[in-house]
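Report on one structure; see the data block that follows.
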Amino acid sequence: MSDRPSDRPSDRPSDRPSDRLEPRHRTDPAETSLRDLVRQMSEDSSRLIRSEFKLAQAEMTEKAKGMGAGIGGFSAAGLLAFFGFGVLLAAAVLGLATALPAWLAAVIVGVALIAIAGIAALVARRKVAEASPPVPERTIETVKEDVQEIKERAKS
């Protein structure tokens, strides 16, 4: 287990809004002053906001890693296409030119290499699309749940 704070269970934001909204101090409502309620609400709000920021940070990090893999795939596709056009084009054209006219050999080899580069680019595009949009969707959902929970508690 890593020593990073996000790997410790006690530091992970909870997935349930009720866990993030539970007050730390339970007292008899008749004995609680308005000042104490405001202080407690402030503490609970601060904890909730920190928890949501941690969740957003974790989610954005996860999405950035996915986008990085897709971008790396695009880079590999470009590099392969570049060297492919230089080396394989010359070798394949020379090989086919022994049986076909040189111009036809060059066209055949060029089309084949472009098709391979296109396939690699499509695979990389799919990787980037899987990681997009870079929005903390789970965090947005939990914030909506928190707002709903707060509204319900305010009514009671």
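Some notes on this structure:
- Our Cα-only numbers for region 72-135 put the radius of gyration and Dmax at 15.4, 56 Å.
- Packing rank of 103-110, 147-154, 86-93, where each peptide gets the mean count of other beta carbons within 10 Å, highest leading: 103-110, 86-93, 147-154
Read-outs: derived from the displayed coordinates by stated rules, not from any lab. Everything quoted here is computed from the prediction, not taken from an experiment. Cβ sites come from the backbone with ideal geometry, for glycine too, and all protein chains shown count toward neighbours.
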